[in-house]
Amino acid sequence: MKLLVITGGRHPYEESTPVLERFLKAAGHDVTATEDASVLADSTAMAGYDALVFNTRRENAADFAEMKLSEAAQNGIIDYVKAGKGFVCLHISGCGADYWPEFAEITGGGWVSGTSYHPPYSNFAVKVSQPGHAGVAGVSDFNTDDELYMGIEYKSGSDVFLTGTSEEGTWPWGPDRAPTHMSAGTFPLGWTRTYGQGKVFTLLLGHDGKSFESPEFQKIVLNGVQWATA
């Protein structure tokens, strides 16, 4: 498949995107990776890609204002996915609904700056909550080094196949690293949905290069590409 990977923003993408490119190419995919989101507004160029992969943070933040998706890019994504193409959204890539509410309808939800949170990066258990789902074909429960997202905006209509459970605790959080209580719970980490005629695959794992090296993570992403382009 011909894949467009949009990367860049406030996350260690200099670590993770090369790993992503490597295992996608090893699986036989033709991969173009770029931080330039203007291509999303070019319908002719986008028509040449089988799926769009987001490994990027495109929130409306003053210190990363250049990463905010333009209205033309927003409309390009809407048109692309609605027309029947695939969209794979990784980790914090669903962030952006603070200035573009429709984005959460496409992705099924995502990180909300100022609202979402997570315990410290650690090794935790990931549960395959729907073993028969295409997203976890060939994958069993596993442990990974990553971030377990909480306080995420979740939209109805998604088919959850992966979860993670966190214990209750108090950890430093926010710009001032204030002690913050986080409740125990089981949280969705991966789901699929449709948007128009397109297929959307959202996976909340994938913070850094180390998490991208997880064999299970790579298999799930490859499953996602296959599912989204079928």
### Query
Can you tell me which residue in region 108-135 is farthest from Glu71 (Cα to Cα), limited to those that are aromatic (Phe, Trp, Tyr) and assigned to a strand (DSSP E or B)?
Phe124
### Query
If you check Thr202, Thr229, which single one turns out to be more than 19 Å from Val128 (Cα to Cα), buried (at least 16 other Cβ atoms within 10 Å of the Cβ) and not hydrophobic (A, V, I, L, M, F, W, C)?
Thr229
### Query
Which fully enclosed strands (runs of 3 or more DSSP E) of region 1-107 have 3 or more residues being touching a helix residue (DSSP H, G or I) at 6+ places or on another chain (Cβ under 7 Å)?
2-8, 51-56, 86-90
## Note on the structure
So, first residue under 14 Å from Glu147 (Cα atoms) in region 158-170, second residue among the charged types (D, E, K, R), Cβ within less than 6 Å, six or more apart or across chains; the pairs are Thr163/Lys127
### Task
Scan Lys85, Lys68 and give me the residue that is crowded, with 21+ Cβ neighbours inside 10 Å and touching a residue at least 12 places away in the same chain (Cβ under 8 Å).
Lys85
## Note on the structure
Subset of region 22-57, residues surrounded by fewer than 19 Cβ atoms within 10 Å (Cβ to Cβ), within 22 Å of Glu216 (Cα to Cα) and either charged (D, E, K, R) or in contact with a Cys (Cβ under 6 Å, 6 or more places away or on another chain) (or both), comes to Arg22, Lys25, Asp30
#### Entry: Number of the condition not met by Thr180 [criteria: (1) assigned to a strand (DSSP E or B); (2) under 23 Å from Gly132 (Cα atoms)]
(2)
### Query
Only one residue in Thr163, Thr192 is at pLDDT 95 or above, assigned to a strand (DSSP E or B), closer than 20 Å to Ser93 by Cα and touching a Gly at 6+ places or on another chain (Cβ under 7 Å), so which one is that?
Thr192
### Summary
Filtering region 175-196 down to residues that are within 17 Å of Asp159 (Cβ to Cβ) and not charged (D, E, K, R) yields Thr186, Phe187, Pro188, Leu189, Gly190, Trp191, Thr192, Thr194, Tyr195, Gly196
### Message
Against the condition under 30 Å from Tyr80 (Cβ atoms), free of Cβ contacts under 8 Å to residues at least 40 places away in the same chain and crowded, with 19+ Cβ neighbours inside 10 Å, how does Phe212 come out, does it pass?
### Response
no
### Task
Looking only at region 108-125, decide whether some residue is touching a helix residue (DSSP H, G or I) at 6+ places or on another chain (Cβ under 7 Å) and of a type in the set (Val, Ile, Thr).
no
### Query
Do you know which residues across region 138-197 are surrounded by 14 or more Cβ atoms within 10 Å (Cβ to Cβ) and basic (Lys, Arg)?
Lys155, Arg193
### Message
Quick test for you: out of Ala230, Ala184, pick the one residue that is farther than 21 Å from Arg10 by Cα and at pLDDT below 95.
### Response
Ala184
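The values are calculated or read from the model by the stated rules, or taken from the named source; none is laboratory data. What you see is a predicted model; the values in this text were computed from it and never measured. Neighbour counts run over all protein chains shown; Cβ positions are idealised from the backbone, glycine included.
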